[in-house]
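Notes follow the structure.
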Amino acid sequence: MIDPMTIESRWLVYPDGERQETPAALSIGSIVDMNGRILRLPVPDPRTIAYRVGKIRRIEERGSLDVLYYLELIPVADLKRLGPEDL
């Protein structure tokens, strides 16, 4: 359990190293769009830029917790094949 005085931040880490804060708590294998919104499969547009959470890292320091979600780009060909059972 996190101390109520701890500030928790969640970050998406894109393959190029860029970071973006996100309010969503994700898990390994979650699929998100380029803005960090969780995608429902199948995606309506196969040209959607999508990422899969490949690794999660927690960095705890006094008074703060950063959760880093490392994203992997999903190639268009793979995205077309994904369905609801792949979540």
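Couple of notes before you dig in:
- Within the range 32-46, the residues that satisfy the criterion of being assigned to a strand (DSSP E or B) and farther than 12 Å from Tyr70 by Cα are Asp33, Ile38.
- Within the range 32-52, being touching a residue at least 24 places away in the same chain (Cβ under 8 Å) and in contact with an Asp or Glu (Cβ under 8 Å, 6 or more places away or on another chain) holds for Leu41, Thr48, Ile49, Ala50, Tyr51.
- Test result for Leu71, over 16 Å from the mean Cα position of the chain (by Cα), part of a strand (DSSP E or B) and of a type outside the set (Lys, Arg): no
- Just one of the numbered conditions (1) in a loop (DSSP other than H, G, I, E, B); (2) under 20 Å from Gly17 (Cβ atoms) is not true of Gly29: (2).
- The number of residues in the range 50-71 that are surrounded by fewer than 13 Cβ atoms within 10 Å (Cβ to Cβ) and within 13 Å of Pro15 (Cα to Cα) comes to 1.
- The residues of the range 8-39 that are surrounded by 10 or more Cβ atoms within 10 Å (Cβ to Cβ) and more than 18 Å from Glu72 (Cβ to Cβ), listed by number, are Glu8, Ser9, Glu21, Ala25.
- One residue stands out among those in the range 11-31 that are among the aliphatic types (A, V, I, L, M) and closer than 17 Å to Val67 by Cβ: the one that is modelled with the lowest pLDDT, which is Ala24.
- Number of residues in the range 1-24 that are of a type in the set (Gly, Ala, Ser), in a loop (DSSP other than H, G, I, E, B) and in contact (Cβ under 8 Å) with a residue 40 or more places away in the chain equals 0.
The values are calculated or read from the model by the stated rules, or taken from the named source; none is laboratory data. In this text the structure is predicted, and so the values were computed from the model without any measurement. All Cβ positions, even for glycine, are placed from backbone atoms using ideal geometry, and neighbour counts span all protein chains on display.
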